[in-house]
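The values are calculated or read from the model by the stated rules, or taken from the named source; none is laboratory data. None of these values were measured; they are calculated from a predicted model. Glycine also receives a Cβ, built like all others from the backbone with ideal geometry; neighbour counts cover every protein chain displayed.
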Amino acid sequence: MAKVRAYAKINLSLDITGASGGYHMIDSIVCSVNIFDEVTVQPRPDGKINIEMRGMGSEQIPPENNNAFKAASAFAAAYGGGYDIFISKNIPMGAGLGGSSADVAGVLNALSVECGIADYEGVKRIADSVGSDCGYMLRGGCARITGRGERVSPLPEPPALYLIIAFPEEGVPTGKCYSLADVCPAEKKTSATLKRAICAGQFEKIAGSLSNGLYPAACILNGEVREAFSSLSALTPAVNMTGSGSAVYALFPDKISRDEALLKYNGKHRVVAAQTIIPERYI
(Lines give C-alpha, C1' and ligand atoms only; values in the text may rest on other atoms or scores of the structure.)
Protein backbone atom coordinates (compact mmCIF):
# COMPACT_ATOMS: atom_id res chain seq x y z
CA MET A 1 0.00 0.00 0.00
CA ALA A 2 1.22 3.52 -0.84
CA LYS A 3 -0.12 6.83 0.45
CA VAL A 4 0.83 10.27 -0.92
CA ARG A 5 -0.28 13.87 -0.66
CA ALA A 6 -1.58 15.66 -3.77
CA TYR A 7 -1.07 19.41 -3.37
CA ALA A 8 -3.13 22.28 -4.74
CA LYS A 9 -1.59 25.14 -6.72
CA ILE A 10 -2.12 28.83 -7.25
CA ASN A 11 -1.49 30.83 -10.42
CA LEU A 12 0.55 33.94 -9.72
CA SER A 13 0.01 34.83 -13.37
CA LEU A 14 -2.04 33.34 -16.18
CA ASP A 15 -1.45 34.89 -19.61
CA ILE A 16 -3.52 33.75 -22.58
CA THR A 17 -1.09 33.69 -25.50
CA GLY A 18 -3.20 32.28 -28.33
CA ALA A 19 -4.89 29.08 -29.45
CA SER A 20 -3.79 25.92 -31.25
CA GLY A 21 -5.53 22.66 -32.07
CA GLY A 22 -8.66 23.66 -30.23
CA TYR A 23 -6.78 24.55 -27.03
CA HIS A 24 -5.89 27.89 -25.51
CA MET A 25 -2.17 28.46 -25.09
CA ILE A 26 -1.04 29.87 -21.76
CA ASP A 27 2.03 31.28 -20.05
CA SER A 28 1.64 30.94 -16.30
CA ILE A 29 3.69 31.08 -13.11
CA VAL A 30 2.40 28.54 -10.60
CA CYS A 31 3.28 27.52 -7.04
CA SER A 32 2.18 24.64 -4.82
CA VAL A 33 0.28 25.48 -1.64
CA ASN A 34 -0.23 23.51 1.56
CA ILE A 35 -3.78 22.39 0.80
CA PHE A 36 -3.82 18.76 -0.25
CA ASP A 37 -5.82 15.64 -1.00
CA GLU A 38 -4.58 12.28 0.27
CA VAL A 39 -4.34 9.37 -2.17
CA THR A 40 -4.02 5.75 -1.08
CA VAL A 41 -3.51 2.83 -3.49
CA GLN A 42 -3.48 -0.89 -2.86
CA PRO A 43 -2.94 -3.68 -5.40
CA ARG A 44 -5.78 -6.07 -6.20
CA PRO A 45 -5.31 -9.43 -7.93
CA ASP A 46 -8.06 -9.24 -10.56
CA GLY A 47 -6.52 -6.43 -12.65
CA LYS A 48 -9.49 -4.09 -12.11
CA ILE A 49 -9.37 -0.42 -11.17
CA ASN A 50 -11.65 0.64 -8.33
CA ILE A 51 -11.71 4.24 -7.14
CA GLU A 52 -13.50 5.80 -4.18
CA MET A 53 -13.53 9.50 -3.35
CA ARG A 54 -14.75 11.24 -0.20
CA GLY A 55 -15.08 14.92 0.63
CA MET A 56 -15.88 18.19 -1.13
CA GLY A 57 -18.82 16.61 -2.99
CA SER A 58 -16.52 14.25 -4.89
CA GLU A 59 -18.74 11.26 -4.12
CA GLN A 60 -21.01 12.29 -6.98
CA ILE A 61 -18.34 12.13 -9.71
CA PRO A 62 -19.02 9.15 -12.03
CA PRO A 63 -15.97 7.10 -13.12
CA GLU A 64 -16.36 8.11 -16.77
CA ASN A 65 -15.89 11.77 -15.76
CA ASN A 66 -13.17 11.10 -13.18
CA ASN A 67 -9.71 12.06 -14.43
CA ALA A 68 -8.04 10.20 -11.58
CA PHE A 69 -9.73 7.00 -12.77
CA LYS A 70 -8.57 7.70 -16.33
CA ALA A 71 -5.01 8.20 -15.09
CA ALA A 72 -5.06 4.97 -13.10
CA SER A 73 -6.42 3.05 -16.10
CA ALA A 74 -3.69 4.47 -18.35
CA PHE A 75 -1.02 3.61 -15.77
CA ALA A 76 -2.30 0.03 -15.52
CA ALA A 77 -2.30 -0.28 -19.31
CA ALA A 78 1.33 0.89 -19.43
CA TYR A 79 2.78 -0.85 -16.38
CA GLY A 80 0.23 -3.53 -15.47
CA GLY A 81 -1.72 -4.37 -12.34
CA GLY A 82 -5.08 -3.70 -10.76
CA TYR A 83 -5.65 -1.31 -7.89
CA ASP A 84 -8.04 -0.07 -5.22
CA ILE A 85 -7.69 3.70 -4.94
CA PHE A 86 -9.07 5.94 -2.21
CA ILE A 87 -8.92 9.75 -2.41
CA SER A 88 -9.72 11.90 0.61
CA LYS A 89 -10.45 15.35 -0.81
CA ASN A 90 -9.64 18.62 0.92
CA ILE A 91 -9.03 20.76 -2.18
CA PRO A 92 -12.29 22.52 -3.08
CA MET A 93 -13.63 21.64 -6.51
CA GLY A 94 -14.24 24.31 -9.14
CA ALA A 95 -12.03 26.82 -7.34
CA GLY A 96 -9.05 27.08 -9.71
CA LEU A 97 -6.70 25.33 -7.28
CA GLY A 98 -6.12 22.37 -9.59
CA GLY A 99 -7.94 19.79 -7.49
CA SER A 100 -8.69 17.42 -10.36
CA SER A 101 -5.15 17.68 -11.73
CA ALA A 102 -3.74 17.17 -8.24
CA ASP A 103 -5.69 13.92 -7.94
CA VAL A 104 -4.37 12.71 -11.29
CA ALA A 105 -0.83 13.46 -10.14
CA GLY A 106 -1.47 11.96 -6.72
CA VAL A 107 -2.78 8.72 -8.20
CA LEU A 108 0.15 8.46 -10.61
CA ASN A 109 2.66 9.24 -7.85
CA ALA A 110 1.09 6.71 -5.47
CA LEU A 111 1.00 4.02 -8.16
CA SER A 112 4.62 4.74 -9.07
CA VAL A 113 5.67 4.36 -5.43
CA GLU A 114 3.65 1.17 -5.01
CA CYS A 115 5.06 -0.39 -8.17
CA GLY A 116 8.62 0.92 -7.84
CA ILE A 117 8.34 2.88 -11.09
CA ALA A 118 10.98 5.59 -11.54
CA ASP A 119 10.07 6.46 -15.13
CA TYR A 120 9.24 10.15 -14.65
CA GLU A 121 9.02 10.97 -18.37
CA GLY A 122 6.75 7.99 -19.04
CA VAL A 123 4.47 8.81 -16.13
CA LYS A 124 4.40 12.48 -17.15
CA ARG A 125 3.24 11.48 -20.64
CA ILE A 126 0.30 9.72 -19.01
CA ALA A 127 -0.42 12.80 -16.89
CA ASP A 128 -0.25 15.11 -19.92
CA SER A 129 -2.65 12.87 -21.83
CA VAL A 130 -5.27 13.24 -19.08
CA GLY A 131 -5.11 17.01 -18.46
CA SER A 132 -3.10 20.05 -19.48
CA ASP A 133 -1.44 20.85 -16.15
CA CYS A 134 -1.38 17.33 -14.70
CA GLY A 135 2.27 16.86 -15.69
CA TYR A 136 3.24 19.94 -13.67
CA MET A 137 1.34 18.61 -10.66
CA LEU A 138 3.45 15.43 -10.55
CA ARG A 139 6.21 17.41 -8.86
CA GLY A 140 4.64 20.82 -8.31
CA GLY A 141 6.69 23.57 -6.76
CA CYS A 142 7.35 26.92 -8.41
CA ALA A 143 7.37 26.68 -12.19
CA ARG A 144 6.53 28.43 -15.44
CA ILE A 145 4.11 26.39 -17.51
CA THR A 146 3.47 27.12 -21.19
CA GLY A 147 1.72 25.62 -24.21
CA ARG A 148 -1.45 23.96 -22.95
CA GLY A 149 0.26 23.80 -19.57
CA GLU A 150 2.22 20.65 -20.38
CA ARG A 151 5.59 22.43 -20.84
CA VAL A 152 7.06 22.77 -17.37
CA SER A 153 10.10 24.92 -16.55
CA PRO A 154 10.97 24.78 -12.83
CA LEU A 155 11.89 28.09 -11.21
CA PRO A 156 13.91 28.84 -8.07
CA GLU A 157 11.70 28.43 -5.04
CA PRO A 158 11.02 31.88 -3.56
CA PRO A 159 10.75 32.38 0.19
CA ALA A 160 7.37 31.12 1.37
CA LEU A 161 4.47 33.30 0.27
CA TYR A 162 1.57 33.56 2.71
CA LEU A 163 -2.03 33.69 1.54
CA ILE A 164 -5.61 34.28 2.50
CA ILE A 165 -7.80 32.40 0.03
CA ALA A 166 -11.47 33.32 -0.34
CA PHE A 167 -13.94 30.79 -1.75
CA PRO A 168 -17.16 31.97 -3.42
CA GLU A 169 -19.89 29.39 -2.95
CA GLU A 170 -20.27 28.68 -6.67
CA GLY A 171 -17.48 27.75 -9.05
CA VAL A 172 -16.69 29.02 -12.56
CA PRO A 173 -17.06 26.65 -15.55
CA THR A 174 -13.56 26.43 -16.99
CA GLY A 175 -14.53 25.87 -20.64
CA LYS A 176 -16.96 28.79 -20.69
CA CYS A 177 -14.42 31.00 -18.96
CA TYR A 178 -11.74 30.37 -21.58
CA SER A 179 -14.25 30.89 -24.40
CA LEU A 180 -15.46 34.16 -22.93
CA ALA A 181 -11.88 35.33 -22.43
CA ASP A 182 -11.56 35.42 -26.22
CA VAL A 183 -14.09 38.25 -26.39
CA CYS A 184 -13.19 40.06 -23.15
CA PRO A 185 -9.44 39.56 -22.74
CA ALA A 186 -7.36 41.03 -19.95
CA GLU A 187 -4.78 43.59 -21.02
CA LYS A 188 -2.12 42.73 -18.45
CA LYS A 189 0.41 39.92 -19.09
CA THR A 190 3.02 39.49 -16.38
CA SER A 191 4.57 35.99 -16.51
CA ALA A 192 7.92 37.24 -17.85
CA THR A 193 8.07 39.97 -15.18
CA LEU A 194 7.12 37.50 -12.46
CA LYS A 195 9.82 35.08 -13.51
CA ARG A 196 12.45 37.80 -13.07
CA ALA A 197 10.98 38.81 -9.69
CA ILE A 198 10.96 35.21 -8.45
CA CYS A 199 14.51 34.59 -9.61
CA ALA A 200 15.53 37.71 -7.69
CA GLY A 201 13.48 36.72 -4.62
CA GLN A 202 11.81 40.14 -4.51
CA PHE A 203 8.44 39.93 -2.78
CA GLU A 204 7.40 43.48 -3.66
CA LYS A 205 7.87 42.84 -7.37
CA ILE A 206 6.14 39.46 -7.12
CA ALA A 207 3.18 41.05 -5.34
CA GLY A 208 3.04 43.89 -7.87
CA SER A 209 3.03 41.56 -10.87
CA LEU A 210 0.06 39.30 -10.10
CA SER A 211 -2.36 38.90 -13.01
CA ASN A 212 -4.90 36.52 -14.51
CA GLY A 213 -6.14 36.77 -18.09
CA LEU A 214 -9.32 34.89 -17.17
CA TYR A 215 -10.41 37.29 -14.43
CA PRO A 216 -12.70 39.53 -16.53
CA ALA A 217 -14.49 36.49 -17.97
CA ALA A 218 -14.80 34.83 -14.56
CA CYS A 219 -16.41 37.97 -13.12
CA ILE A 220 -19.05 37.88 -15.87
CA LEU A 221 -19.80 34.21 -15.20
CA ASN A 222 -19.79 34.57 -11.41
CA GLY A 223 -20.22 38.00 -9.87
CA GLU A 224 -19.03 36.73 -6.48
CA VAL A 225 -15.50 36.51 -7.87
CA ARG A 226 -15.40 40.31 -8.10
CA GLU A 227 -16.91 40.58 -4.60
CA ALA A 228 -14.25 38.28 -3.16
CA PHE A 229 -11.55 40.27 -4.96
CA SER A 230 -12.91 43.52 -3.53
CA SER A 231 -13.13 42.23 0.05
CA LEU A 232 -9.53 40.97 -0.01
CA SER A 233 -8.32 44.21 -1.64
CA ALA A 234 -9.32 45.99 1.59
CA LEU A 235 -6.47 44.06 3.24
CA THR A 236 -3.71 44.40 0.63
CA PRO A 237 -3.31 45.45 -3.02
CA ALA A 238 -1.67 42.07 -3.78
CA VAL A 239 -4.83 40.18 -4.78
CA ASN A 240 -5.41 37.78 -7.65
CA MET A 241 -7.70 35.01 -8.89
CA THR A 242 -6.26 31.54 -9.35
CA GLY A 243 -6.94 29.41 -12.44
CA SER A 244 -10.34 30.07 -13.94
CA GLY A 245 -11.69 30.83 -10.47
CA SER A 246 -13.65 31.05 -8.45
CA ALA A 247 -11.10 31.24 -5.62
CA VAL A 248 -9.34 34.57 -5.04
CA TYR A 249 -6.29 35.07 -2.83
CA ALA A 250 -4.41 37.85 -1.08
CA LEU A 251 -0.62 37.58 -0.86
CA PHE A 252 1.59 38.50 2.11
CA PRO A 253 5.36 38.34 2.73
CA ASP A 254 5.17 36.64 6.13
CA LYS A 255 2.87 34.77 8.48
CA ILE A 256 2.49 37.63 10.95
CA SER A 257 1.15 40.12 8.39
CA ARG A 258 -1.08 37.42 6.89
CA ASP A 259 -2.56 36.51 10.26
CA GLU A 260 -3.07 40.16 11.22
CA ALA A 261 -4.94 40.74 7.96
CA LEU A 262 -7.03 37.63 8.53
CA LEU A 263 -8.32 39.11 11.79
CA LYS A 264 -9.45 42.21 9.88
CA TYR A 265 -11.27 40.32 7.11
CA ASN A 266 -14.99 41.09 7.07
CA GLY A 267 -16.05 39.71 3.69
CA LYS A 268 -18.89 37.23 3.27
CA HIS A 269 -16.92 34.37 1.72
CA ARG A 270 -15.26 31.48 3.51
CA VAL A 271 -11.52 32.03 3.80
CA VAL A 272 -8.55 29.85 4.70
CA ALA A 273 -4.95 30.68 5.54
CA ALA A 274 -2.34 28.98 3.37
CA GLN A 275 1.25 29.26 2.18
CA THR A 276 3.37 28.14 -0.73
CA ILE A 277 5.47 25.03 -0.21
CA ILE A 278 7.97 22.70 -1.86
CA PRO A 279 6.10 19.37 -2.13
CA GLU A 280 7.57 15.94 -1.57
CA ARG A 281 8.97 14.40 -4.76
CA TYR A 282 7.85 10.84 -5.36
CA ILE A 283 9.32 10.03 -8.79
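Data table
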{"quantity": "Count of residues meeting criterion [under 15 Å from the mean Cα position of the chain (by Cα), among the small types (Gly, Ala, Ser) and part of a strand (DSSP E or B)] in the stretch 115-155", "calculated": "1"}
{"quantity": "Answer from 72, 95 - the residue that is touching a strand residue (DSSP E or B) at 6+ places or on another chain (Cβ under 7 Å) and in contact (Cβ under 8 Å) with a residue 60 or more places away in the chain", "calculated": "95"}
{"quantity": "Test result for residue 195, surrounded by fewer than 20 Cβ atoms within 10 Å (Cβ to Cβ) and either under 22 Å from residue 158 (Cβ atoms) or not assigned by TED's automatic domain parsing to the domain that holds residue 6 (or both)", "calculated": "no"}
{"quantity": "Residues located in the stretch 1-59, provided they are acidic (Asp, Glu) and either farther than 20 Å from residue 152 by Cβ or in contact with a His (Cβ under 6 Å, 6 or more places away or on another chain) (or both)", "calculated": "37, 38, 46, 52, 59"}
{"quantity": "Pairs where the first residue, in the stretch 153-176, is of a type outside the set (A, V, I, L, M, F, W, C) and the second is assigned to a strand (DSSP E or B), C-beta under 7 Å, 6+ apart", "calculated": "153/143; 153/144; 154/143; 162/252; 162/275"}
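Residue-wise test of (1) within 26 Å of residue 225 (Cα to Cα); (2) surrounded by fewer than 24 Cβ atoms within 10 Å (Cβ to Cβ).
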{"residue": "38", "(1), (2)": "no, yes"}
{"residue": "70", "(1), (2)": "no, yes"}
{"residue": "74", "(1), (2)": "no, yes"}
{"residue": "89", "(1), (2)": "yes, yes"}
{"residue": "94", "(1), (2)": "yes, yes"}
{"residue": "105", "(1), (2)": "no, no"}
{"residue": "132", "(1), (2)": "yes, yes"}
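Here is a yes/no grid of residues against (1) over 30 Å from residue 218 (Cα atoms); (2) over 21 Å from the mean Cα position of the chain (by Cα); (3) without any contact (Cβ under 8 Å) to a residue 60 or more places away in the chain; (4) surrounded by 15 or more Cβ atoms within 10 Å (Cβ to Cβ):
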| position | (1), (2), (3), (4) |
| --- | --- |
| 43 | yes, yes, no, no |
| 49 | yes, yes, yes, yes |
| 54 | no, no, yes, no |
| 79 | yes, yes, yes, yes |
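Conditions tested, residue by residue: (1) assigned by TED's automatic domain parsing to the domain that holds residue 92; (2) more than 13 Å from residue 95 (Cα to Cα); (3) part of a strand (DSSP E or B); (4) not small (Gly, Ala, Ser).
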{"residue": "228", "(1), (2), (3), (4)": "no, no, no, no"}
{"residue": "232", "(1), (2), (3), (4)": "no, yes, no, yes"}
{"residue": "237", "(1), (2), (3), (4)": "no, yes, no, yes"}
{"residue": "267", "(1), (2), (3), (4)": "no, yes, no, no"}
